[in-house]
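Have a look at the structure below, then the notes.
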There are 2 protein chains.
Amino acid sequence: MNLFEAFKKTDKQVAGHGSRNIQVLKDVLENFDGEEESDHYGSGKIINDFQNKMARYLGKESAVFFPSGTMAQQIALRIWCDEKGMKKVAYHPLSHVEIHEQDGLKELHQIESVLLADKNSVIGLEDVVQMEETISCLLLELPQREIGGQLPDYQTLVDISNHCREKGIKLHLDGARLLEVLPYYQKTAAEVCRLFDSVYISVYKGIGGIAGAILAGDQEFTEKSKVWKRRHGGDLISLYPYIISADYYFNQRSEKMKQYFEEAKELASLYNQCHAVSTLPKVPVSNMFHVHFTAKKEEVEQILISIYEATGIGLTGYTKGIDDQGCYFEVSIGDNYSDVANENLKEVFKMLDEKMKQI
Amino acid sequence: MNLFEAFKKTDKQVAGHGSRNIQVLKDVLENFDGEEESDHYGSGKIINDFQNKMARYLGKESAVFFPSGTMAQQIALRIWCDEKGMKKVAYHPLSHVEIHEQDGLKELHQIESVLLADKNSVIGLEDVVQMEETISCLLLELPQREIGGQLPDYQTLVDISNHCREKGIKLHLDGARLLEVLPYYQKTAAEVCRLFDSVYISVYKGIGGIAGAILAGDQEFTEKSKVWKRRHGGDLISLYPYIISADYYFNQRSEKMKQYFEEAKELASLYNQCHAVSTLPKVPVSNMFHVHFTAKKEEVEQILISIYEATGIGLTGYTKGIDDQGCYFEVSIGDNYSDVANENLKEVFKMLDEKMKQI
C-alpha cells in the first residue's frame, strides 16, 4: 500500500478541515433558500453582498470575487504596471506567480519579474531598499507558503510599506492565507491591509470554501479588475456556488484562526521532539508549517504507513523528497485537529520518534 | 412598473428553462453522493468522466472542462496561432470574441482579427475563399447568435471545411449552441465536429447548467489548452459544482433539442402573425430567434406589460431599442414552453396583434 492510500484509510487526520468531497457543498446548500437568484455576470445580491462584506472586513473601498487567485493576482499586477507604464514587478523567488502558474504573468501580460531575497528567507526591508527602482509593484506573500509559512515581523511590513509609498511603488498583498496570520500579528485584517494598495485573499484555504478569491482595493482599481476579469474569461454568468460556500465557511471559521494557530504550535512541538524530524518554522506563526525529515522519502513513508495502520491516525498523504537526502511535507491545521484525542496523538509521536531512531 | 418587474411577476414564461436560481444547483445535489471526491486541479473522477463523455459525444480525441467559453475560445485561437506562427484569426463581426470579451483576445494574446461577411449575414464560402491567406484560424459560430441564430446550409460548412484544410487554415467551432442546431442539420454532434479542428460548447445555454464550457480536439491540442487554462487562472482546485450540473442537465436535455426546435418554429409563426412584428430568422433553425418590432421600445414595452398583467404570461424581460425606430429581443426555447397551454398562448398573441395595430 502506498502512503496516500494508507492515509485515506485512517479514521482521523491531524491536519486540514476534512475531505474536499461534495458534502462540503451539500452542507452549504442544505438550509439555503432555493428561490434566491443567481448572480449574473458579476452583478446581483449574492455577489454584491459578499463583495461588500469582504471589502469591509479588509478595510478596502471595494472588493471583487474571482474564480481564482491566479487570475486575481495577475490582474492586480497588470493594473499597477499599466498605471506606471512599466511592466516589471518584484516578488519572492518561490511566489505562487513564479512557480505555479505556467508563467501566465509573462505569457499573457508580458510582465517581467525581479526576484527578491534568497529563496529560503522572507523578503526584508534591505531587499526592497536595494531593489532597482524601475519596479511598478512589489508583491508580498504573507505567510511565505513554500518555506513553511514564514513571516517578516510586523515592523518590517510597516517599513516596507512606507518605503514603497515614498518611492511610488505599489504594494500588493498575496494574502492567500491572510486570516491565518492575524493571530500572530495580533492585528485585524484591515490593519494589515492598510499597508497595501491591493489585496488578494483565498476563500478555500483556512476558510475552507470550494474555490475562489477576493481582490480588494480602491474603487478605481477594482473597476479595472472587472474589465480584466472579463478578458481572462473569469466573469462567469454564475459564480454563486463558490460565493455562498465562501460566505458559509468564512462565518464558521474566520474566528477560529487563533485556535488553529495555537494548535499548529502544539503539533509542531510534538514533531520537533522526534529524532531526525524538525519543523519549518520551528515555532509556527500561522496555522501552517513544513515537517522535514533527515531520512529518505521511502524510509519515512514506510514508517508513516506503519503508524497509520497501528493507530488509525493520519499525518500526511504525501512527502516530497529533497535531493535524495531528506523529505518534507506541509501541514495546515484546520477543524480536524481538535477531533484527535491528545492521548492518541502522543502515542503517534512516541512511535514516530522510536521508528526514526531505528533508521 | 417596468418590463423586467412585470415579467418577473408573471405566472408562466414562454421562453427559457425557468429561473436561474439556487434551486438549479440544489436539484443536482439532492441525489448526489456527498462522499464523492472533488476534482483536484483538473484531475479526478468527476472531471475525467465528464470530459471523456463529452469527447465521445463530440467525436473528438479529448475534451477539457473550462470555467467559461470566453477562456476556452481565446485559448483555442492562441494555440492555433502559435502553431502557425501567425497571430491572425478570422471570424464574424458579431462574434462573441469580438463584442463581448473586452478585447481579451487582443489584450491578452495580441491576436489580430479579420472580420468576415456583412454583420447581418452568416459567413459563406465566398467570404472564406476571398479571405487573405495569412490567417491561422477561422472561427465559425453555429448558430450566429447576434443575428437571431442563423445558420449556413450544411453543404457550405463542408465546403468551408474542405477549403480550410486545403489551405492549411485551422477551423474552430464556436458551438455555444451546437446541440441546439443538430435537429435542423439532422446530424450528430460528432458529424458536425468532424468538419472542425477544435470545438467549444457551452453547458449553460440549451443544456441549462450553471456555468462552464467544453473545449475538444485532438490530444496534443487539449494538452496545450490545459497549460493555457492554468495561465488564465481557470485551472481551479474544484470545478465540480459546474461539472456535475452540466452532466445532470445534459442528461435531461440533450435529447430534447428537437422538441425545442419544433416549439421555436411554432412560437415564431405566432409572432409573425402579429402586426408590425417579425422574427429573425423568419423560420428558426434552432431553439432561438429574435423578435423585431417596427415600433418604439417604450410603446412596445407598455403593450407587453399590459399583456403580462392581463394573462399572467411573460414573453420577455427586456427589449433593446434600434436607432429609435424599432426594438427587438431574443427568444431561446427551453423547458418552459410546454408548460404554457396553447389556448392561453393564442390569447396572448391575439392581444399582441390587436395592440400593435392600435399604435
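The values are calculated or read from the model by the stated rules, or taken from the named source; none is laboratory data. Just so it is clear, the model here is predicted, and its values are computed rather than measured. Neighbour counts are summed over all protein chains in view; Cβ atoms, including those assigned to glycine, are modelled from backbone coordinates with ideal geometry. Ligands, DNA and RNA are stripped out before the accessible areas are found, and what is left, the full protein with its side chains, is counted by its heavy atoms. Shrake-Rupley method; radii C 1.70, N 1.55, O 1.52, S 1.80 Å.
Some points to look at:
- Positive-end ranking of A:Gly69, A:Ile303, A:Gly317 along the dipole of chain A, with charges on Cβ about the Cα centre, is headed by A:Gly69.
- Using the Cβ-Cβ distance between B:Lys258 and A:Phe4 with R0 set to 45 Å, the FRET efficiency from 1/(1 + (r/R0)^6) comes to roughly 0.45.
- For the protein assembly as shown, the convex hull drawn through the C-alpha positions has a volume of 165 cubic angstrom per residue.
- Label-to-label distance for B:Glu61 and B:Val158 is 2.6 nm, based on points extended 7 Å past Cα in the beta-carbon direction.
- Approximate spin-label separation A:Asp33-B:Glu166, in nm, with each point projected 7 Å along Cα-to-Cβ: 6.2
- Per-residue Karplus couplings for the range B:310-323, computed as 6.51 cos²θ - 1.76 cosθ + 1.60 with θ equal to phi - 60°, are listed in order as 6, 10, x, 10, x, 9, 7, x, 7, 9, 10, x, 10, 6 Hz, Gly and Pro entered as x.
- Cβ neighbours within 10 Å from other chains - mean over B:67-73: 5
- 5 angstrom amide H check on B:Leu138, placed H, neighbours 5+ away: B:Ala90, B:Lys170, B:Leu171, B:His172
- Antiparallel DSSP beta bridges within chain A, percent to nearest 5: 55
- Rounded, prolate or oblate (a/c below 1.5 giving rounded, otherwise prolate when a/b exceeds b/c) for the range A:140-253 by Cα gyration tensor: oblate
- Whole-Hz couplings from phi, Karplus 6.51/-1.76/1.60, listed for the range A:82-96; x for Gly and Pro: 4, 4, 8, x, 8, 8, 9, 10, 10, 7, 5, x, 9, 4, 3
- Entries of A:Lys170/B:Lys88; B:Lys87/B:Lys282; A:Lys106/A:Lys320; A:Lys229/B:Lys9; A:Lys226/B:Lys320; B:Lys9/B:Lys357 with Cα pairs more than 30 Å apart: A:Lys170/B:Lys88; B:Lys87/B:Lys282; A:Lys229/B:Lys9
- Computed from the C-beta positions of A:Lys187 and B:Met86 and an R0 of 60 Å, the FRET efficiency is 0.70 to the nearest 0.05.
- Across the range B:163-171, coupling constants 3J(HN,Hα) worked out from phi with the 6.51/-1.76/1.60 Karplus curve, θ = phi - 60°, read 4, 4, 5, 4, 8, x, 9, 6, 10 Hz, and Gly and Pro carry x.
- A 1.4 Å probe over all protein chains sorts B:Phe7, B:Phe349 by accessible area into B:Phe7, B:Phe349, starting with the largest.
- Modelled this way, with points 7 Å down the Cα-to-C-beta line, the labels at B:Ile359 and A:Gln325 are 8.1 nm from one another.
- The slack in the chain from B:Thr134 to B:Asn251, taken as 0.36 nm per residue of separation less the alpha-carbon distance, amounts to 38.0 nm.
- Share, in percent, of DSSP beta bridges within the protein assembly as shown that are antiparallel, nearest 5: 60
- Plainly put, the range B:63-118 has a radius of gyration that is 0.96 times its Kirkwood radius, both from alpha-carbon atoms, as the Rg/Rh ratio.
- For chain A, the square roots of the Cα gyration tensor eigenvalues, ordered a ≥ b ≥ c, give a/c of at least 1.5 with a/b no greater than b/c, which places it in the oblate category.
- Shielding by other protein chains, A:236-247, mean Cβ within 10 Å: 5
- Restricting the calculation to Cα atoms, the range B:276-359 shows an Rg/Rh of 0.94 when the hydrodynamic-style radius is the Kirkwood one.
- Per-residue ellipticity at 222 nm from helix content only, as computed over the protein assembly as shown with -39500 (n - 2.57) for each DSSP H run of at least four residues, stands at -13500 deg cm²/dmol.
- The listed residues B:Ser202, A:Ser338 rank as A:Ser338, B:Ser202 when sorted by accessible area, largest first, using a 1.4 Å probe.
- Listed residue (A:His172, A:Asn120, A:Val331) projecting farthest to the positive dipole end of chain A, Cβ model: A:His172
- By a 1.4 Å probe calculation restricted to protein chains, A:Arg145 has an accessible surface near 70 Å², given to the nearest 10.
- Cβ neighbours within 10 Å from other chains - mean over B:203-213: 2
- Compactness of the range A:10-73, expressed as Rg and Dmax over alpha-carbon positions, Å: 15.7, 46
- Whether the range B:205-247 is rounded, prolate or oblate, judged on the alpha carbon gyration tensor where a/c under 1.5 counts as rounded: oblate
- Were the residues from A:Ser19 through A:Glu126 laid out at 0.36 nm apart, the gain over their Cα-Cα distance would be 34.3 nm.
- Descending semi-axes in whole angstrom, ellipsoid equivalent of the range A:282-321, from the Cα gyration tensor: 20, 15, 8
- Rounded to the nearest 0.05, the FRET efficiency derived from the C-beta distance between A:Gln302 and A:Lys119 at R0 = 30 Å is 0.50.
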